[in-house]
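K.L.:
Below is a structure I'd like to ask you about.
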Amino acid sequence: MTDKYAVIGNPIGHTKSPLIHLAFARQTGQDIDYTAIEGRIGGFRDDVDAFRQAGGRGINITAPLKLEAFKYATELSGPARLAGAVNALKFEGDRIHAQNFDGIGLVRDIVQNLGYPMAGRRVLLLGAGGAARGALLPFLEQKPARLLLVNRTVAKAQSLVGQFKPYAGGEFSCCSYPELGDIHEKFDIVVNATSASLRGELPPVHTGVFAFRCLAYELAYGKGLTPFLKLAQGVGAERLADGVGLLVEQAAEAFAWWRGVRPETAPMIKTLTVPFL
Ligand code: ATR
């Protein structure tokens, strides 16, 4: 019998998740159906209950419903609990298992696909919202020599540093954008986890942060050469990347969790990559 999966979000029109999961299913010989559900704001519980009653086995959750999924879960994984957000659920009878694969997907993309190890390197993470929060534990687990968190509202970054400090092996701290301008430090990996690019804005980061041969990573996917990537390109960053690899890697994690078989991600990343012009 075909097992049912879905992605839920609002809006959901542009989601690539059905394309990715159905390709994974073909590649691994798994018999699944995967659809997209436009979740009603305030109606998450009813929408997911209905999907389960119709035989749904698992669901991915995208913006803005990741916090709703967190509340809906009965069993939270460590990363989901620390991220305070959930992007995949698995249903087993009355039990609702929850995971957050965004951070691990991002690390896999940076370290394995793009070939930029984080261990012993200097990493700058811009933003302290949901996306940055989800990245913190997987980043710290890579043991960077230095992880600096920078946010417009510095109190949010301070609170995250306080919460995640026990997981840090190296130096882990935060500051404001003006302070970042004063410290004249360069970073091997600079990740833009703010939502600025969604509105075509540039977080107020200065050009001096990009080290020679650095990677500039934009979490947003499919926005082309964002102001952040343009800035990095202008100062000769070695590699520019957007969130396409993260999108595919987090999907592969969920697929493996649901089906017990890990798909190959490279072909799908290639299919979905839009070259920067
Ligand atoms: P997401 O789930 O995408 O992380 P979010 O939780 O709303 O979204 O967080 C958005 C993040 O982008 C925040 O860190 C926000 O900074 P503030 O905490 O100061 O609001 C950051 N952000 C959004 N627009 C920005 C801009 N133009 N410049 C710098 N940071 C910005």
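K.L.:
Specify the residue that is farthest from the ligand (Cβ to nearest atom); the eligible residues are those in segment 196-207 that are in contact with a Leu (Cβ under 9 Å, 6 or more places away or on another chain) and over 21 Å from Met118 (Cβ atoms). Can you show your working first?
P.N.:
Applying the first criterion (in contact with a Leu (Cβ under 9 Å, 6 or more places away or on another chain)) to segment 196-207 yields 196-197, 202-207.
Okay, now just the ones that are also over 21 Å from Met118 (Cβ atoms), so 196-197, 202, 204, 206-207.
On the way: Ala196: 4, Ser197: 9, Leu202: 7, Pro204: 6, His206: 13, Thr207: 16 Å.
Among those that are in contact with a Leu (Cβ under 9 Å, 6 or more places away or on another chain) and over 21 Å from Met118 (Cβ atoms), it is Thr207.
K.L.:
What tally of residues in segment 155-180 results from selecting those that are within 14 Å of Gly129 (Cβ to Cβ) and either of a type in the set (Phe, Trp, Tyr) or within 11 Å of the ligand (Cβ to nearest atom) (or both)?
P.N.:
5
K.L.:
Where in segment 1-92 are the helices (runs of 4 or more DSSP H), entirely inside, with at least 1 residues that are charged (D, E, K, R) and within 18 Å of the chain's Cα centre (by Cα)?
P.N.:
Helices (runs of 4 or more DSSP H) meeting the threshold: 66-72, 78-83.
K.L.:
Across segment 167-187, which residue is nearest to Phe228 (Cα to Cα) among those that are assigned to a helix (DSSP H, G or I) and either touching a Pro at 6+ places or on another chain (Cβ under 8 Å) or at pLDDT 95 or above (or both)? Outline the logic, then answer.
P.N.:
Initial filter on segment 167-187 (assigned to a helix (DSSP H, G or I)): 167, 177-183.
Within this subset, residues satisfying the condition of being either touching a Pro at 6+ places or on another chain (Cβ under 8 Å) or at pLDDT 95 or above (or both) are 167, 177-180.
Values: Tyr167: 29, Tyr177: 14, Pro178: 17, Glu179: 19, Leu180: 16 Å.
My answer is Tyr177.
K.L.:
Select, from Ile183, Ile96, Ile104, Ile110, the only residue that is away from the ligand (no atom under 16 Å from the Cβ) and surrounded by 24 or more Cβ atoms within 10 Å (Cβ to Cβ). Give the derivation first.
P.N.:
On the way: Ile183 fails: surrounded by 24 or more Cβ atoms within 10 Å (Cβ to Cβ); Ile96 fails: surrounded by 24 or more Cβ atoms within 10 Å (Cβ to Cβ); Ile104 fails: surrounded by 24 or more Cβ atoms within 10 Å (Cβ to Cβ).
The match here is Ile110.
K.L.:
Across segment 122-132, which residue is nearest to the ligand (Cβ to nearest atom) among those that are part of a loop (DSSP other than H, G, I, E, B) and within 17 Å of Asn100 (Cα to Cα)?
P.N.:
Taking the candidates together, the pick is Gly129.
K.L.:
Cβ-Cβ under 7 Å, sequence separation 6+ or interchain: first residue in segment 34-55 and in the same structural domain as Pro11 (by TED's automatic domain parsing) and more than 15 Å from Asp3 (Cβ to Cβ), partner among the hydroxyl-bearing types (Ser, Thr, Tyr) and assigned to a helix (DSSP H, G or I). Which pairs?
P.N.:
Ala36/Ser17; Phe44/Tyr72; Arg45/Tyr72; Val48/Tyr72
K.L.:
Kindly list the number of the only condition in (1) more than 11 Å from the ligand (Cβ to nearest atom); (2) under 16 Å from Ala132 (Cβ atoms); (3) assigned to a helix (DSSP H, G or I) that fails for Val190.
P.N.:
Going through the list (1) more than 11 Å from the ligand (Cβ to nearest atom); (2) under 16 Å from Ala132 (Cβ atoms); (3) assigned to a helix (DSSP H, G or I), Val190 breaks only (3).
K.L.:
While we're here: If only one of Ala135, Ala119, Ala145 is over 14 Å from Cys175 (Cα atoms), near the ligand (Cβ under 10 Å from one of its atoms) and in contact (Cβ under 8 Å) with a residue 12 or more places away in the chain, which one is it?
P.N.:
Step by step, each of Ala135, Ala119, Ala145 is checked, and only Ala135 is over 14 Å from Cys175 (Cα atoms), near the ligand (Cβ under 10 Å from one of its atoms) and in contact (Cβ under 8 Å) with a residue 12 or more places away in the chain.
K.L.:
Taking Phe164 as the residue in question, decide whether it is of a type in the set (Phe, Trp, Tyr), touching a helix residue (DSSP H, G or I) at 6+ places or on another chain (Cβ under 9 Å) and assigned to a strand (DSSP E or B). Break it down into steps so the answer makes sense when it comes.
P.N.:
Working: of a type in the set (Phe, Trp, Tyr): yes; touching a helix residue (DSSP H, G or I) at 6+ places or on another chain (Cβ under 9 Å): yes; assigned to a strand (DSSP E or B): no.
In short, no.
The values are calculated or read from the model by the stated rules, or taken from the named source; none is laboratory data. Everything numeric here is computed off the predicted structure, so don't read it as measured data. Ideal geometry is used to build each Cβ from the backbone, glycine not excepted, and the neighbour counts take in all protein chains shown.
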